[in-house]
Amino acid sequence: MLRAFLSGLAMAALGSVAAAEFNLTILHTNDFHARFEPISKYDSGCSAQSNLDGECFGGSARLVTAVAEARARAGNVILVDGGDQFQGTLFYTYYKGRVAAEMMNRMGYDGMTVGNHEFDDGPEVLRGFMEAVTFPVLMSNADVSAEPLLAGRVRKSAVIERGGARIGLIGLTPQDTDELASPGPNVSFSDPVAAVQAEVDRLTAEGIDKIILLSHSGYGVDQHVAANTTGVDVIVGGHDNSYLSNVSDRARGPYPTMVGNTAIVQAYAYGKFLGELKVTFDDAGEIVAAVGEPILMDAAVSEDSGTKARIGELALPLEKIRRQVVASAAATIDGSRDVCRLQECAMGNLVADAMLDRVADQGVTIAITNAGGLRASIDAGEVTRGEVLTVLPFQNTLSTFEVPGRVVIAALENGVSQVEEVKGRFPQVAGLRFTWDAAKAPNQGRIREVMVNEDGAWVALDPQKTYMLVSNNYLRGGGDGYAMFRDAARAYDYGPDLADVTAEYLAAHAPYRPYTDGRITRR
């Protein structure tokens, strides 16, 4: 009897120890941007042949497989999203949020936060998405009480259960979403720290001691929130496409990034990675271990056949969109490589003019884009959306930012530094004129004169004055040698798709008459 009694005590003690720790695997995505089909290493479309050759990444079919495999190797698992499922490909243009809802339901998401792009088409499309999904869509720092389409439907937080434990999920949306998207006049956004702390306090009062913040706010804001709140265990981030990793020298920070006792994770964007964070909580709900690494969705991850077939079915109507006539051209718009990478060209003027026209009302006065992003010419006559996509196939978005004039000069120096090699960094511009000297050595003062348009008059660019620019997200991120743009102030890289902007500009000016006007001069 004594032996049995002692054995029982030992088992009880072991049970107590086991109950003291709770293990949870957090699978996460962010900034998917309608990349339901596989993407290339440049985050743009990837052909079927390239996919067969093992050169593509991501796509919903791979994510379905990866999520299933991750669930099979763990006990308690949740799948969450850091926002911005919307916008980025023709899937969103045609279906709005319907395909995102279908795919997320298929994968069994447990929650997501609202990203700014979820408001691109106003509250109505967001509401339709919310009605279609089987999980909570959260936003703690927004007041939607005056918006009939969202009032009573958007929750600040939700509680889910895994392995007998209750887990609180809180949503966080960019405070400046009213400037980044179209939430309408009836939705207002507030300070993230105060909003998150208020919701943490409410959940804690209900006995919830494991709290995960789904934050579409960016890596910097996430660290600020972690440092200035209490009770947040994990932050699953998004918005600035940060790649956090312990094995890559290209990572922005470690995975997870610890700020006090809060673990911060993010998994780049476009479904190229599936984040996998393994967290151990003690019996007080405190993190005692947090380890993991984003999983690359490359050819080593097989595509789920049913999902792949469904995406193929959904893609069929998009071919009609590609054949859609959007405008007309009075003459051929020359976008040939051997012209646009050496000098001002008609296609460069079209695209740069379209970019500047789109954001001029934001105080932007200069547009710079790279000739390497222009992949074809457009013949005279009807212009189809497919032709525009052939010219601009990379799914680049508009980036707006602020730099002093000396940085503009440095960017132009970089742009003309490899003309002899016919490189794609050659700058096509709007809102400025410049003269360059090919006799000078690269990056040794080739730029001789730069003029900017101010209130209809051409004046010399001031190296000390601050200018607002628009470019594409590739250049703003330092692509093609434009590293001087990486640390620009007031940067926003997630504007509309450049192909959409160009198509709309063509339509507004149809029949479009291509031209050059001497804005780039070679000595």
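The values are calculated or read from the model by the stated rules, or taken from the named source; none is laboratory data. Please read all numbers here as calculations on a predicted model, not as lab measurements. Using ideal geometry, Cβ is built from the backbone for each residue, glycine included, and neighbour counts are taken over all protein chains shown. When the accessible area is computed, the model is the full protein with side chains, heavy atoms only, and any ligands, DNA or RNA have been set aside. Shrake-Rupley method; radii C 1.70, N 1.55, O 1.52, S 1.80 Å.
Any residue at all in region 171-188 that's at pLDDT 95 or above and closer than 30 Å to GLU21 by Cα? Checking region 171-188: at least one residue is at pLDDT 95 or above and closer than 30 Å to GLU21 by Cα. When GLY111, GLY115 are screened for being closer than 22 Å to THR307 by Cα and either under 20 Å from the mean Cα position of the chain (by Cα) or of a type in the set (Lys, Arg) (or both), only GLY111 passes.
Restricted to region 501-523, and to residues there that are assigned to a loop (DSSP other than H, G, I, E, B) and in contact with a Phe, Trp or Tyr (Cβ under 8 Å, 6 or more places away or on another chain), the residue that is surrounded by the fewest Cβ atoms within 10 Å (Cβ to Cβ) is ARG523.
Screening ILE78 with (1) over 19 Å from the mean Cα position of the chain (by Cα); (2) surrounded by 18 or more Cβ atoms within 10 Å (Cβ to Cβ); (3) not small (Gly, Ala, Ser); (4) not in a strand (DSSP E or B) gives one miss only, at (4).
Taking each residue of region 477-500 that is part of a strand (DSSP E or B) and looking for partners that are open to solvent by less than 10 Å² (accessible area, probe 1.4 Å) and not aromatic (Phe, Trp, Tyr) with beta-carbon atoms closer than 8 Å, six or more apart or interchain, yields ALA489/VAL403; ALA491/SER399; TYR492/SER399. Going through (1) crowded, with 22+ Cβ neighbours inside 10 Å; (2) in contact with a helix residue (DSSP H, G or I) (Cβ under 7 Å, 6 or more places away or on another chain) one by one, VAL133 falls short only on (1). Looking across region 446-464, the residues that are loosely packed, with under 12 Cβ neighbours inside 10 Å and assigned to a loop (DSSP other than H, G, I, E, B) come down to ASP455, GLY456, GLN464. Based on what the data block shows, is GLU402 part of a helix (DSSP H, G or I) and either open to solvent by 10 Å² or more (accessible area, probe 1.4 Å) or of a type in the set (D, E, K, R) (or both)? Judged against the criteria, GLU402 is not a match. Taking strands (runs of 3 or more DSSP E) as the structural unit, those lying wholly within region 286-396 and holding at least 3 residues that are of a type outside the set (Ser, Thr, Tyr), within 27 Å of the chain's Cα centre (by Cα) and at pLDDT 95 or above correspond to 287-292, 366-370. Within region 205-225, residues that are without any contact (Cβ under 8 Å) to a residue 40 or more places away in the chain sit with their Cβ atoms under 9 Å from residues that are hydroxyl-bearing (Ser, Thr, Tyr) and open to solvent by 10 Å² or more (accessible area, probe 1.4 Å), at 6+ positions apart or across chains, in these pairs: HIS224/SER217.
Residues of region 465-475 that are in a strand (DSSP E or B) and either within 15 Å of ASN414 (Cα to Cα) or open to solvent by 70 Å² or more (accessible area, probe 1.4 Å) (or both): THR466, SER471. A count restricted to region 357-377 and to residues that are under 24 Å from GLY478 (Cβ atoms) and open to solvent by less than 30 Å² (accessible area, probe 1.4 Å) stands at 11.
Name the residues in region 262-285 that are outside any loop (DSSP other than H, G, I, E, B), touching a Pro at 6+ places or on another chain (Cβ under 8 Å) and of a type outside the set (A, V, I, L, M), would you? Hits for region 262-285 are PHE273, GLY275, GLU276.
What do you reckon, is ALA489 within 30 Å of GLY238 (Cβ to Cβ), open to solvent by less than 30 Å² (accessible area, probe 1.4 Å) and among the aliphatic types (A, V, I, L, M)?
Details: within 30 Å of GLY238 (Cβ to Cβ): yes; open to solvent by less than 30 Å² (accessible area, probe 1.4 Å): no; among the aliphatic types (A, V, I, L, M): yes.
No; evaluated as a whole, the condition is false for this residue.
Cβ-Cβ contacts under 7 Å between residues 6 or more apart (or on different chains), taken from a first residue in region 333-344 that is closer than 12 Å to PRO427 by Cα and of a type in the set (A, V, I, L, M, F, W, C) to a second residue that is assigned to a loop (DSSP other than H, G, I, E, B) and open to solvent by 20 Å² or more (accessible area, probe 1.4 Å), are listed as LEU342/VAL422. Counting only residues that are among the hydrophobic types (A, V, I, L, M, F, W, C) and exposed (fewer than 12 other Cβ atoms within 10 Å of the Cβ), how many does region 415-437 have? Total satisfying the criteria: 0.
In region 301-318, is there at least one residue being of a type in the set (Val, Ile, Thr) and closer than 19 Å to GLY381 by Cα? Walk me through it before giving the result.
Initial filter on region 301-318 (of a type in the set (Val, Ile, Thr)): 301, 307, 311.
Restricting the remaining residues to those that are closer than 19 Å to GLY381 by Cα gives none.
Looking for residues that are of a type in the set (Val, Ile, Thr) and closer than 19 Å to GLY381 by Cα, one finds none in region 301-318, hence no.
Within region 137-174, being open to solvent by 20 Å² or more (accessible area, probe 1.4 Å), free of Cβ contacts under 8 Å to residues at least 40 places away in the same chain and more than 15 Å from ARG202 (Cβ to Cβ) holds for SER145, PRO148, LEU149, ALA151, GLY152, ARG153, GLU161, GLY164. All told, GLU413 meets the bar of being free of Cβ contacts under 8 Å to residues at least 60 places away in the same chain, of a type in the set (Asp, Glu), closer than 20 Å to MET484 by Cβ and part of a helix (DSSP H, G or I). With the requirement that a residue be free of Cβ contacts under 8 Å to residues at least 60 places away in the same chain and touching a strand residue (DSSP E or B) at 6+ places or on another chain (Cβ under 8 Å), what does region 356-388 give you? Listed by number, the residues that qualify are ALA371, LEU374, SER377, ILE378, ASP379, ALA380, GLY381, GLU382, GLU387.
Once region 97-130 is narrowed to residues that are among the hydrophobic types (A, V, I, L, M, F, W, C) and closer than 11 Å to LEU150 by Cα, the residue that is least open to solvent (accessible area, probe 1.4 Å) is LEU126. Residue under question is ALA61, and the condition is that it be in a helix (DSSP H, G or I), open to solvent by less than 10 Å² (accessible area, probe 1.4 Å) and within 26 Å of ILE211 (Cβ to Cβ); does it hold? The answer is no for ALA61.
Return the residue satisfying two criteria in turn: it lies in region 265-285 and is open to solvent by less than 40 Å² (accessible area, probe 1.4 Å) and of a type outside the set (A, V, I, L, M, F, W, C), and of such residues it is modelled with the lowest pLDDT.
The initial filter retains those residues of region 265-285 that are open to solvent by less than 40 Å² (accessible area, probe 1.4 Å), namely 265-267, 269-277, 279-281, 285.
Cutting the leftovers down to of a type outside the set (A, V, I, L, M, F, W, C) gives us 266, 270-272, 275-276, 280, 285.
On the way: GLN266: 98, TYR270: 91, GLY271: 97, LYS272: 97, GLY275: 98, GLU276: 98, THR280: 98, GLY285: 94.
Restricting to residues being open to solvent by less than 40 Å² (accessible area, probe 1.4 Å) and of a type outside the set (A, V, I, L, M, F, W, C), the top hit is TYR270.
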